[in-house]
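All remarks here apply to the structure that follows.
The values are calculated or read from the model by the stated rules, or taken from the named source; none is laboratory data. Please read all numbers here as calculations on a predicted model, not as lab measurements. Cβ: placed from backbone, ideal geometry, glycine included. Neighbour counts: every protein chain shown. The protein model used for the area step is the full one, side chains on, heavy atoms only, and it has no ligands, DNA or RNA in it. Shrake-Rupley method; radii C 1.70, N 1.55, O 1.52, S 1.80 Å.
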Amino acid sequence: MSNNIKDKVVVITGASSGLGETTARHLASLGARLVLGARRTERLEKLVADITAAGGQAIAVTTDVARRDDVEALVAKGEQHFGRIDVLVNNAGIMPLAPMAKLKVEEWDRMIDVNVKGVLYGVAAALPRFAAQGSGHIINVSSVAGIKVFAGMGTVYSATKFAVRALTEGLRAEAPDGVRTTIISPGAVDSELKTHSSDKETSEALLAWYEANQIPADSVARAIAYAIEQPANVDISEVVLRPVAQEF
């Protein structure tokens, strides 16, 4: 029986660790062909080697999603190598948390560049290809902080994730025939996100909270696989998942 994932070509940004890496391994085990992008080339190449050794197919493309040319090249190289692109997982994201009064303006800029513009650059690269072939799937990773404002330390981060939800919901309405969209909104999941804060006080509180609540990254990988494996006429518009222990 087909799982509707086998042989699909899936592009994943932020694939060198955390949710991206775990999703890549999970989808590879289900027969997907992977196009993996991230800034850390060595980690990407190790992941490709692991997937290939296990009988899967994957390529690595060094990618900074804040650079539109990088994202276009990622999708183009995937298309050149495998002949087509079926799914884009806009997963790359950063979470340098701090109260707004700390004025971490450079970090605000970087969050907007990666979390918002990076997603838009992915859409710009994939959407024309999906429209031309009459099929495709754009999966954008948001957050529970894109549903409720993470006030006190994560207001700007929340703003970027609210933007991801708005962009994805608007894209769902605008998408060409045959093109699906999905918002994945995780809560506290084990990844490098919790280590991004340069503010010592915020970082200590955040790490303690994550250690007490976080669930494994494969919970998100399974949600992404669930969205992809549905029949072509079924759109899983949104999945929200969090630890049972997490109130927020």
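Each residue was assigned an accessible area with a 1.4 Å probe, and for VAL114 the value is about 10 Å². Taking every C-alpha pair closer than 8 Å and separated by at least 6 residues, the mean separation divided by the residue count of segment 26-93 gives a relative contact order of 30 percent. The alpha-carbon positions of the chain define a convex hull whose volume is 118 Å³ per residue. In this structure, the amide hydrogen of ARG180, modeled 1.01 Å from its nitrogen in the peptide plane, lies closer than 5 angstrom to those of GLY136, HIS137, ILE138, counting only residues at least 5 positions away or on a different chain.
Express the relative contact order of segment 1-142 as a whole percentage, based on alpha carbon pairs under 8 Å and six or more residues apart in sequence. Could you put the intermediate results ahead of the total?
Values: 251 pairs, mean separation 35.2, N = 142.
It comes to 25 percent, rounded to a whole number.
Relative contact order of segment 126-248: 30 percent, from C-alpha pairs under 8 Å at least 6 residues apart in sequence. With θ taken as phi - 60° and the Karplus curve 6.51 cos²θ - 1.76 cosθ + 1.60 applied, the whole-hertz 3J(HN,Hα) list for segment 88-94 is 10, 9, 7, 9, 4, x, 10 Hz, x standing for glycine and proline. Scattering from segment 1-147 was approximated by placing one identical point on each alpha carbon and applying the Debye formula without solvent; log10 I(q)/I(0) at 0.10 1/Å stands at -0.34.
In terms of Cα to Cα distance under 19 Å, which lysines are near enough to LYS161, apart from those fewer than 8 places away along the same chain? Of all the lysines, those that pass the test against LYS161 - Cα under 19 Å, at least 8 places apart if same chain - are LYS104, LYS117, LYS148, LYS194. Evaluated over the Cα positions of segment 168-238, the convex hull gives a direction-averaged projected area, one quarter of its surface, of 6.0 nm². In this structure the amide hydrogen of ILE215, modeled in the peptide plane, comes within under 5 Å of the amide hydrogens of VAL189, ASP190, none closer than 5 places in sequence on its chain. Charge dipole (Cα centre; +1 on Lys/Arg Cβ, -1 on Asp/Glu Cβ; no other charges) of segment 94-248 amounts to roughly 200 debye.
Surface composition of the chain: carbon and sulfur make up 53 percent of the accessible area, probe 1.4 Å. Packing here is the average count of other Cβ atoms within 10 Å per residue, and on that basis the peptides 10-17, 67-74, highest first, run 10-17, 67-74.
Out of the DSSP beta bridges found with both residues in the chain, what percent are antiparallel (nearest 5)? Counting DSSP beta bridges with both partners in the chain, the antiparallel share is about 5 percent.
Based on the mean of other beta carbon atoms within 10 Å per residue, what is the order of 136-147, 41-52, 161-172, most packed first? Walk me through the intermediate numbers first.
Numbers: 136-147: 24.3, 41-52: 16.8, 161-172: 18.7.
The densest-packed peptide leads the list: 136-147, 161-172, 41-52.
Set against the 2.2 N^0.38 Å expectation for a compact globular protein, segment 72-132 has a Cα radius of gyration ratio of 1.46. Using the heavy atoms of the protein chains alone and a 1.4 angstrom probe, what is the accessible area of segment 123-239 per residue in square angstrom? Accessible area per residue: 42 Å².
Near the amide H of LEU34, within less than 5 Å, lie the amide hydrogens of VAL10, GLN57, ALA58, ILE59, all on another chain or at least 5 residues away, with H placed in the peptide plane.
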